[in-house]
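One structure below.
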Amino acid sequence: MSLKEFFFENPRVALAFSGGTDSAYLLWAAHESGTQIQPYFLKSQFQPAFELEDARRLCRQLGTELKVLELDQLSCGEIAANPPERCYYCKKRMFQALVCAAAADGYPLIIDGTNASDWDGDRPGMRAIRELGVRSPLREAGIIKARVRELSRRAGLFTWDKPSYACLATRVPTGSPIREDDLERVERGEAALAALGYRNFRLRLRGRGALLQLDDAQLRDGQNDIEKIRELLSADFGEIRIDPVGRKGD
């Protein structure tokens, strides 16, 4: 099924909109198809400020109203304890809130930006959205990530080359409780690194320190800048180490 066919069959949908490449292209494609689509941004302690800023910017570009749903994910013990199934509980809670909001607004179907490159398998988060009947048009249309980027570039979307971004909770080792102040430390640190020009990286908590994972293209830069990085982040992290193995993935 093509995207055009999907939107023809589903002319009124609600979109879980993260501000990332995939959901941004999906929002644009729905507009092009004449579909009534309402984007919702699910804002919790796990989303950094720049993601909401990007979501708002893209919606302004397309002339679309963005609805923001505020969630306190750390009030849920099953999420805050950070067990191996944390992503399942988190996604389930987020999308349950979205289902309720969309139904109240008159949208019968929820869609998300999962693409055909995203491994399904037994990922807890994917299982949660399947249980709630969320559909993934990019995946159903067989559109892989590289194709999403190319189509987004042609459409003039600023998100076309935006690095993929996992929520801040993924920076905390599984089994270690998630604390709001730790998430704030990570967000400040990653914002500072982005301001230095780093892209497609992760700053993972290791006690009061952190492990910085960079992709191959910037690994040498990071190693050269390590003392500058340590000084810049010293207020929040006692020690910064760089993973000598380049970060893989989109």
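The values are calculated or read from the model by the stated rules, or taken from the named source; none is laboratory data. None of the values given here were measured: they were computed from a predicted structure. All Cβ positions, even for glycine, are placed from backbone atoms using ideal geometry, and neighbour counts span all protein chains on display.
Numbers below:
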item	result
Inter-residue pairs, beta-carbon under 6 Å, first under 19 Å from residue 110 (Cα atoms) and in the range 41-62, second surrounded by 20 or more Cβ atoms within 10 Å (Cβ to Cβ) and aromatic (Phe, Trp, Tyr), 6+ apart	41/17; 55/17; 55/41
Test result for residue 2, at pLDDT 95 or above and either small (Gly, Ala, Ser) or surrounded by 22 or more Cβ atoms within 10 Å (Cβ to Cβ) (or both)	no
Elements of type helices (runs of 4 or more DSSP H) contained in the range 158-250, each with 2 or more residues being in contact (Cβ under 8 Å) with a residue 40 or more places away in the chain and closer than 19 Å to residue 73 by Cβ	180-195
Identity of the residue in the range 55-98, surrounded by fewer than 17 Cβ atoms within 10 Å (Cβ to Cβ) and within 16 Å of the chain's Cα centre (by Cα), that ends up nearest to residue 133 (Cα to Cα)	69
Identity of the residue in the range 13-30, out of contact with any strand residue (DSSP E or B) (no Cβ under 8 Å at 6 or more places or on another chain) and not aromatic (Phe, Trp, Tyr), that ends up farthest from residue 142 (Cα to Cα)	20
Residue count, the range 1-35 (criterion: hydroxyl-bearing (Ser, Thr, Tyr), closer than 17 Å to residue 114 by Cα and in contact with a Lys or Arg (Cβ under 9 Å, 6 or more places away or on another chain))	2
Residue in the range 85-108 that is assigned by TED's automatic domain parsing to the domain that holds residue 9, modelled with pLDDT under 95 and closer than 13 Å to residue 21 by Cβ present	no
Pairs where the first residue, in the range 8-25, is under 13 Å from residue 68 (Cβ atoms) and the second is part of a helix (DSSP H, G or I) and charged (D, E, K, R), C-beta under 7 Å, 6+ apart	18/51; 19/51; 19/54
Residue in the range 218-225 that is hydrophobic (A, V, I, L, M, F, W, C) and under 25 Å from residue 47 (Cβ atoms) present	no
Search result, residues across the range 69-96 that are over 19 Å from residue 180 (Cβ atoms) and either of a type in the set (Phe, Trp, Tyr) or touching a strand residue (DSSP E or B) at 6+ places or on another chain (Cβ under 8 Å) (or both)	88, 95
Test: residue in the range 102-109 that is in contact with a strand residue (DSSP E or B) (Cβ under 7 Å, 6 or more places away or on another chain), small (Gly, Ala, Ser) and either surrounded by 17 or more Cβ atoms within 10 Å (Cβ to Cβ) or free of Cβ contacts under 8 Å to residues at least 12 places away in the same chain (or both)	yes
From the options 156, 121, 113, residue that is modelled with pLDDT of 95 or more and of a type in the set (Gly, Ala, Ser)	156
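Residue-wise test of (1) hydrophobic (A, V, I, L, M, F, W, C); (2) in contact with a Leu (Cβ under 8 Å, 6 or more places away or on another chain); (3) closer than 25 Å to residue 195 by Cβ.
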{"site": "15", "(1), (2), (3)": "yes, yes, no"}
{"site": "25", "(1), (2), (3)": "no, yes, no"}
{"site": "29", "(1), (2), (3)": "yes, yes, no"}
{"site": "33", "(1), (2), (3)": "no, yes, no"}
{"site": "40", "(1), (2), (3)": "no, yes, no"}
{"site": "43", "(1), (2), (3)": "no, yes, yes"}
{"site": "75", "(1), (2), (3)": "no, no, no"}
{"site": "79", "(1), (2), (3)": "yes, no, no"}
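Here's the yes/no breakdown for (1) touching a Cys at 6+ places or on another chain (Cβ under 9 Å); (2) surrounded by 20 or more Cβ atoms within 10 Å (Cβ to Cβ); (3) basic (Lys, Arg):
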{"position": "166", "(1), (2), (3)": "no, no, no"}
{"position": "186", "(1), (2), (3)": "no, yes, no"}
{"position": "208", "(1), (2), (3)": "no, no, yes"}
{"position": "226", "(1), (2), (3)": "no, no, no"}
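Residue by residue, here is whether (1) over 27 Å from residue 178 (Cα atoms); (2) among the hydroxyl-bearing types (Ser, Thr, Tyr) holds:
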site	(1), (2)
20	no, no
25	yes, yes
53	no, no
59	yes, no
